[in-house]
1. Apply 1/(1 + (r/R0)^6) to the Cβ-Cβ distance of S361 and T688, taking R0 = 22 Å, and write down the FRET efficiency to the nearest 0.05.
2. Could you report region 570-675's accessible area per residue, 1.4 Å probe, as an integer in Å²?
3. Can you list the residues, at least 5 places off or on another chain, whose amide H is less than 5 Å from the amide H of I181, using H built in the peptide plane?
4. Once you have the Kirkwood Rh of region 181-292 from its Cα pairs, apply Stokes-Einstein at 20 °C and 1.002 mPa s and quote D in µm²/s.
5. Order the peptides 207-215, 574-582 from the highest to the lowest mean number of other Cβ atoms within 10 Å of their residues.
6. Would you please give the residues with an amide H less than 5 Å from that of I119, counting only those at least 5 places away or on a separate chain, with H modeled from the backbone geometry?
7. Can you tell me how much longer the chain between T608 and I306 gets when fully stretched, taken as 0.36 nm per residue apart minus their C-alpha distance, in nm with one decimal?
8. Would you kindly derive the ³J(HN,Hα) couplings of region 597-608 from the backbone phi angles with the Karplus curve 6.51 cos²θ - 1.76 cosθ + 1.60 (θ = phi - 60°), listing them in order in whole Hz, with x for Gly and Pro?
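The values are calculated or read from the model by the stated rules, or taken from the named source; none is laboratory data. Every value quoted in this text rests on a predicted model; they were computed, and no experiment measured them. For neighbour counting, all protein chains shown are included, and Cβ atoms are generated from backbone atoms with ideal geometry for every residue, glycine included. Side chains are part of the model used for accessible areas, which takes the heavy atoms of the whole protein and leaves out ligands, DNA and RNA. Shrake-Rupley method; radii C 1.70, N 1.55, O 1.52, S 1.80 Å.
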Amino acid sequence: MLPFITLAQQAVIRGFVYSKSNGEPVIGCGVIIKNSTKGTLTDANGFFIFNNLDPETYEIEIKSLEFESKTEIITVKKGDFIVKKFYLETGSGLVSDEIEIDGQKINQIESPNVGVQKIDPLVINKMPSIGEPDIAQYLQASPGIVSTGDQGGQLYIRGGLPVQNKVLLDGMIIYNPFHSIGLFSVFDTDVMKQADIYSAGFGSEYGGRTSAIMDISTRDGNKNKFNSKVSASLFGSKANFEGPIIKMSDENKASGSYIISAKTSYLPQSSKLFYTYANKNGLPFGFLDVYAKTSFNTANGSKINIFGFNFDDHVNYTDIAQFNWNALGVGSNFVLVPENMPTIVEGNFAYSSYKINYQGSDERDKKMSGMSGFNTGINFKRFFGSDEIKYGFDIVSSNTEYEIINPTYSKINYSKRSLEVATYVKYRWLEKKKFIVLEPSFRLQYYSSFGEVSPEPRFSMKINPGQFFENKERTGFSKYLASVMNSIRIKGSGGYYSQTLISATSDKDVVNLFYGFINGPEDLPKTYKNKDNETVTVSGAVQRAWHLVGGVEIDLIKNLELQIEGYRKYFNSIPNVNREKIYDDNSAYASQLDVQKKVFIMESGQVTGLDMILKYEYNRLYLWAAYSLTYNQRFLGNTTNGNVFEYAPVFDRRHNVNLLGSYTFGKKRNIELSVRWNYGSGFPFTPTQGYNVKINFNNNFNHDYTTGDGDLGYVPGTYNSQRLPDYHRLDVSVKWMYMITEKMKLETSLGATNIYNRGNIFYYDRMLNSRINQLPIMPNLNLALKF
């Protein structure tokens, strides 16, 4: 009861910060009480709070990189609970050092920020873009993230499979966030508010996945005026429309808005004109994405959003195979700000579905996978001085369907419902001098459909050595030591994680456009051997993993920051599609090994890595250098000889380098040059040991194999025992902005991916004895009109 008694005796200042031009919350701006050590950052809702204030007069200053600073003097009395709203004017473009340092310093000191990248859409726009800027292109330049190909390649985040990553859009689960051509995602950058990528060691508010979290939120529509943007490129086109439903004004404190986004790819058509050298039949990747959202704000800062989407994707390889998939969903999220309480409440409810179909050249060659369900949750965040506690619960219900026609034309069906219920709590404790920040948390995950409970402790922390020297006079070596310590921050995190979802395809495939899901398969081996050659009993369908992350942040010089993180993930159980199955799993073959009769096989995995980021950002210049060193190990514990087989998975890229530079020219800062160079060492592959004749009975048991023709087959060598050639490419773009009128702006972007036309290998067709490369040079022109 002590925190509540103390709070009642002292004062509270709580508020929100908004953009005056469109009513959108301003995220991450510094809110500082001048002449004190008190400061905080606004959250995703523009919210801030100061607790335990003594009765006196305070000067509150709001500082942001993009907006003009604002100051207000507030006098509080004992027991006051003051609520304020601040509306910021768009900045002049000139950023003072003081604003930049204050905002960044608060975040660097008070937040652990372990294993997380907080991506601003403005930074995505600094990437050389192919068509419109897209987060898919940005993620490929991020440390610890590997893409296996431009066409149908998947993204692997710090050694985790795509199925081990949870993707959230406004709190709704998205099951396939990337299109078949790896340059584009389903998300519209112009609609994004922020994206948080938790690549390892994430906190207890997230669950149901064992590797990573992508939490993407969208902005509200303009609450002041109608805005729109239309654009077109050689790849596709896009249109956005937004405006007020209830116009924001001083007289009417409530407000409402809408935003609609649609984007499509006509690459199958345009590539036949512009990129015939890439594929004579055209590039077969097309999509259509639609997203809509309405937002309503109340006078006290509470709000509710209602949104929906429909994402379509299709690929047509003429006379070979066709793929199409659809994702749709509808949902709502809300923020409640209780009166006279230092608390904020957030919640969501959403329904989404995903379905993918594959049709081969033979009409009987079919596959289908579908997933549908809802997720809901409520989170409470309460503030105690500089400390805060966050707790809540979430529920996920899903149904997976999987159907395939096997090589003998027998139909295999698998359907499974799953219900997950979880509760969590996380506490952030900030030591008085801010020398240590601790975030212990705990999640209790209950897999109702499988009758399993997973207790999941997690922890993160940061040490700020420089805070020892704050507000103390120093001279000589002591002064030098203080400046060095003030530029270093040490951090770490770890935790335990679980999930039941698995991929419907083998993760041994380099590229597989058919990416479906299965909920907790029951046809698993009874035992398997782990990496230490110990026999492990399979207790159920729940997969588990642990993470450990440690790192340091160093301010080398002014505006130049170095971040280093080392990490390890251990996945103690990974169900995988069994390619060695030759017997049915029934009593007739009870004596056969699991590896020869089970549909799924059990593996374990371990990834050890080191990521380094060097970032410089000042005025017109933005520089980013990232290096990743990664060791991925997989251990197959069910083999015919009984031994554990260790191998490197197909996404094991040992070295990965990304260099990004962006510079803005002109008095009006209307020309921007962006350059990105990527280097990656070769992926593992399985060499060909020899060729043989493969007898195809064509489901005809009377087939005379002694006289009939056979197909060409091959004898593989040791799995993934060799490496493909290294990969590298250079992307360049130039953007030019021209004001046609005061309210109309034209943006032109000219650029190319793989500008020196590097022949990067995609895969090798063993039957045709032919090397297949990834995309060649792809020049592009994009025109966008904003009004």
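1. Working from the Cβ atoms, E equals 0.35.
2. Heavy-atom SASA per residue in region 570-675 reads 46 Å².
3. The list, which skips near neighbours in sequence, is G152.
4. Rounded, D is 126 µm²/s.
5. Highest to lowest by the protection proxy: 207-215, 574-582.
6. A195, D196, I197
7. Values: separation 302, 0.36 × 302 = 108.72 nm, distance 4.10 nm.
The T608-I306 span can extend by a further 104.6 nm.
8. Going residue by residue, I get 9, 7, 5, 10, 10, 9, 10, 10, x, 8, 10, 10 Hz, with x marking Gly and Pro.
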